[in-house]
Amino acid sequence: MSSSTSPSGRRADAERNVAAIVAAGLDVLATRPDAGLVAVAEAAGVTRTTVYAHFPTRAALVGAVLDAAIAEAAAALDGAAPDSGPPDAALTRMVAASWQTIDRQGRLMEAVGQVLSEAECHARHRPVGERVERTLRRGQADGRFRTDVPVDWLLAVTYALVHAAAAEVAAGRLPAERAGELAGASVLAACA
């Protein structure tokens, strides 16, 4: 391997282009979910041909952007120390951290819904779900969270409430600075 190739076998400039395209894709699709590859190329400062060389379809690009967004969300959850302290406090921190990520990602899920199936989207979200599920299970085990419903239901409710907060912010009915707090309180009320 030469010094100009990465461990993945791509040239360093190709790796930079891919990173720029994915970052631009997140920025563009977060505000304009119907945007095409040309808009992403312009935002990334590369040609349309360069985008197509790495992402031959819009679905491929959206999938890569979703994977990057999920990695960002997983890192935010890890930063919230999900395994530290009481599970209800950990869940509150996790909701606040995930809210910041979801707020930044804006309308990305609209773009995702246009090209990926619900099952594929759910499967790709698994790294985030595992972190939240682990905290919910910990809360059920120590009696802080309800056990009369399956943990999968608590996870679904958590996702739904956080995404509902995002939808309310996007619609202008909820100030962004209150969304994390309200989502956290609602998630705890649903789980307790």
Quiz item: Here is a list of conditions, (1) β-branched (V, I, T); (2) closer than 23 Å to R11 by Cα; (3) open to solvent by less than 60 Å² (accessible area, probe 1.4 Å), and T101 meets all of them except one; can you say which number that is?
Solution: (2)
Quiz prompt | Residue check for S3: in contact with an Asp or Glu (Cβ under 9 Å, 6 or more places away or on another chain), surrounded by fewer than 18 Cβ atoms within 10 Å (Cβ to Cβ) and either part of a loop (DSSP other than H, G, I, E, B) or modelled with pLDDT under 90 (or both) | solution = no
Quiz item: So which residues in the range 69-115 are assigned to a loop (DSSP other than H, G, I, E, B) and not acidic (D, E)?
Solution: A80, A81, P82, S84, G85, P86, G106, R107
Exercise. Would you check if there is a residue in the range 148-168 being touching a residue at least 40 places away in the same chain (Cβ under 8 Å) and over 19 Å from the mean Cα position of the chain (by Cα)?
Key: no
Practice problem: Check M109, M94 and return the single one that is open to solvent by less than 30 Å² (accessible area, probe 1.4 Å) and within 30 Å of R146 (Cα to Cα). | Solution: M94
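Output the residue which, of all residues in the range 17-57 that are among the acidic types (D, E) and in a helix (DSSP H, G or I), is surrounded by the most Cβ atoms within 10 Å (Cβ to Cβ). Talk me through it step by step, then tell me what you get.
First, pick out the residues of the range 17-57 that are among the acidic types (D, E): 27, 34, 42.
Filter once more, keeping what is in a helix (DSSP H, G or I): 27, 42.
Details: D27: 19, E42: 15.
Filtering the range 17-57 for residues that are among the acidic types (D, E) and in a helix (DSSP H, G or I), the one surrounded by the most Cβ atoms within 10 Å (Cβ to Cβ) comes out as D27.
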Exercise. Go through the range 81-99 and give me each residue that's more than 16 Å from A164 (Cβ to Cβ) and within 15 Å of the chain's Cα centre (by Cα).
Key: M94, A97
Quiz item: So G143 fits all but one of (1) more than 18 Å from Q105 (Cβ to Cβ); (2) modelled with pLDDT under 95; (3) among the small types (G, A, S); what number is the exception?
Solution: (2)
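Let me confirm something: among T50, T31, which residue is over 20 Å from the mean Cα position of the chain (by Cα) and polar (S, T, N, Q)?
Working: T31 fails: over 20 Å from the mean Cα position of the chain (by Cα).
From the options T50, T31, the qualifying one is T50.
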Quiz item: So D142 clears everything in (1) over 22 Å from E118 (Cβ atoms); (2) out of contact with any Pro (no Cβ under 9 Å at 6 or more places or on another chain) except one condition, right? Which one?
Solution: (2)
Quiz item: Would a scan of the range 74-91 turn up a residue that is within 27 Å of D34 (Cβ to Cβ), open to solvent by less than 60 Å² (accessible area, probe 1.4 Å) and charged (D, E, K, R)?
Solution: no
Quiz item: Quick one: how many residues across the range 59-69 are open to solvent by less than 10 Å² (accessible area, probe 1.4 Å) and in contact with a helix residue (DSSP H, G or I) (Cβ under 6 Å, 6 or more places away or on another chain)?
Solution: 5
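The values are calculated or read from the model by the stated rules, or taken from the named source; none is laboratory data. What you see is a predicted model, and the numbers here were worked out from it, not measured in a lab. Please note: Cβ atoms are built from the backbone with ideal geometry, for glycine as well, and neighbour counts cover all protein chains shown. These area figures cover heavy atoms from the full protein model, side chains too; ligands, DNA and RNA do not enter into them. Shrake-Rupley method; radii C 1.70, N 1.55, O 1.52, S 1.80 Å.
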